[in-house]
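The values are calculated or read from the model by the stated rules, or taken from the named source; none is laboratory data. Just so you know, these numbers come straight off a predicted model, no measurement behind them. All Cβ positions, glycine included, derive from the backbone under ideal geometry; neighbour counts span all protein chains shown.
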Amino acid sequence: PGRGRRRALLVGVNYSGSYAQLKGCINDVWNIHCLLRRALAFREEQIRVLVDGEGGLPAPDGREPTRAGILAGLRWLTDGAQPGDELFLLFCGFGAQLPQGPGSEVHEACLVPCDFAADLPAGFLPPRLDGAPLPPPNSASYRLLPLSHVQEIISCLPAGSRMTVLLDCAYPVVPSVSMAQNLPPTFRRVVRRPVDHGKHHDFFSRPRFLELPPLPVRHGLQHSPQLTFPQCVLHCFCACRLQEWDAELPLEGTIQGAFTWAFVRALAAGGFRCRIRQLREALDRTTAELKRSLRGVGQTPVLLLSGAASEDDVVLGA
C-alpha cells in the first residue's frame, strides 16, 4: 500500500427498469471490488460502490448511480487529495455521444447515469428505429456526465497523487490527458446502426453504447473548455477506441464486460503486482484471445497516461 490515503469509487449501471438495459455492469463492479479487497488489501471503508437495483430492487443504501450520485462520489474520491494518495475510479455502463446543439455534427463523449432520462416527458424514449424525428420535448435535457468534466476533476488532483481510471463503456474519450495524448473534447459524430435494445437484451453480446435522440436545446459543452493537463500520475484504461463499441457477454458462466474481465485476468497473470507496461501487454493478449474465440468482440483497449505517468509505474501502487 502507498503511504497516502487510498480510495476507490466503483460505478456500475445496468439501467434496471429502463428501455435499454445491460446485464453485466454490476457483476463487473463486484469483480473489481473483490480484486481491491482480496488482492490489493483495500479496506471496506476505502471503497464506495454505486450500483442500481437488480431485478427491480432498489439500490443498496440509497447509493444509486444517478448523475448527482456519481458527482458526489467523485467529490468523495478526490476532495482533499494529497501527494502520495492512491485513487481508483471504475465506470461500467453506457457511453453516449451528444451533439453540442441542435443539428450540430460536433459531439462530446458522456457517461450515462441511471437517471439519464429523468427530465424527459413520458413517451419520448425509446427512439424510433426508423430514424424519424420525435416530437421535441420542452426545454428538458439529458442527465449525462461529460468526460471533459471528469477530466477537469482529475486535473485538480495534486502532483504526486495517483489516479487509476477504468472505463468499461463506449466512447471512453478522456480529453487532454497529456501533451503526448491530447485528445480533443469534441469529435465528429460516430455513425452507428440503430439498436433495438429490447431484442439486444437477450443477445449473446450487447454493446455498451446508447444512441440518444438529439434535443432542441444546447447541452453538454456550452463552450470549449480550457482543459489543463493533469499534474497527478494518471493511468486511464479505456475499453475501446472511439469508433469501436464495447461489449458485454457471457464469460465464465456470467455476463461481464469484456474489458473488465480482461483487465482482472491480465492483472492476475502478473501476480497482482506488475508494471503498467506488463499489464498493457497482458491486456492486449487477453483481448486478442477473446476476439479469436468469440463473435461480438471487436474492441481494442486504449491506455492514456498523464505527463507524470510512465509505463514503468507499478499498477495501483501494489
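Quick look at the values:
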{"read-out": "Options Thr287, Thr260: the member that is surrounded by 20 or more Cβ atoms within 10 Å (Cβ to Cβ), under 20 Å from Val165 (Cβ atoms), of a type in the set (S, T, N, Q) and without any contact (Cβ under 8 Å) to a residue 60 or more places away in the chain", "value": "Thr287"}
{"read-out": "Answer residue from region 120-132, given it is modelled with pLDDT of 80 or more and hydrophobic (A, V, I, L, M, F, W, C) and is surrounded by the fewest Cβ atoms within 10 Å (Cβ to Cβ) among those", "value": "Phe124"}
{"read-out": "Of all residues in region 290-318 being modelled with pLDDT of 95 or more, part of a loop (DSSP other than H, G, I, E, B) and out of contact with any helix residue (DSSP H, G or I) (no Cβ under 8 Å at 6 or more places or on another chain), the one that is surrounded by the most Cβ atoms within 10 Å (Cβ to Cβ)", "value": "Ser306"}
{"read-out": "Residue count for region 60-69, restricted to those that are at pLDDT below 95 and either over 21 Å from Phe42 (Cβ atoms) or in contact with a Leu (Cβ under 6 Å, 6 or more places away or on another chain) (or both)", "value": "3"}
{"read-out": "Test: residue in region 170-191 that is of a type in the set (D, E, K, R), surrounded by fewer than 23 Cβ atoms within 10 Å (Cβ to Cβ) and assigned to a loop (DSSP other than H, G, I, E, B)", "value": "yes"}
{"read-out": "Residue under evaluation Val150, criteria (1) free of Cβ contacts under 8 Å to residues at least 24 places away in the same chain; (2) assigned to a helix (DSSP H, G or I), criterion not met", "value": "(1)"}
{"read-out": "Qualifying residues in region 192-230 (those that are outside any loop (DSSP other than H, G, I, E, B) and more than 19 Å from the chain's Cα centre (by Cα)) - the one modelled with the lowest pLDDT", "value": "His200"}
{"read-out": "Condition check for Glu252: modelled with pLDDT under 95, on the phi < 0 side of the Ramachandran plot and of a type in the set (Asp, Glu)", "value": "no"}
{"read-out": "From Met179, Met163, residue being out of contact with any Ser or Thr (no Cβ under 6 Å at 6 or more places or on another chain), at pLDDT 95 or above and of a type outside the set (Val, Ile, Thr)", "value": "Met163"}
{"read-out": "Test for Ala72: is it at pLDDT 95 or above, surrounded by fewer than 21 Cβ atoms within 10 Å (Cβ to Cβ) and farther than 27 Å from Val264 by Cα", "value": "no"}
{"read-out": "Near pairs, Cβ below 6 angstrom, 6+ apart or cross-chain, from region 21-49 (within 22 Å of Leu251 (Cα to Cα)) to any residue that is among the basic types (Lys, Arg)", "value": "none"}
{"read-out": "Failed criterion for Tyr15 (all others in (1) of a type in the set (Phe, Trp, Tyr); (2) surrounded by fewer than 19 Cβ atoms within 10 Å (Cβ to Cβ); (3) not in a helix (DSSP H, G or I) hold)", "value": "(2)"}
{"read-out": "Flag if Arg3 is without any contact (Cβ under 8 Å) to a residue 40 or more places away in the chain and within 26 Å of Gly80 (Cα to Cα)", "value": "no"}
{"read-out": "Verdict on Pro135 being surrounded by 16 or more Cβ atoms within 10 Å (Cβ to Cβ), modelled with pLDDT under 95 and in a loop (DSSP other than H, G, I, E, B)", "value": "no"}
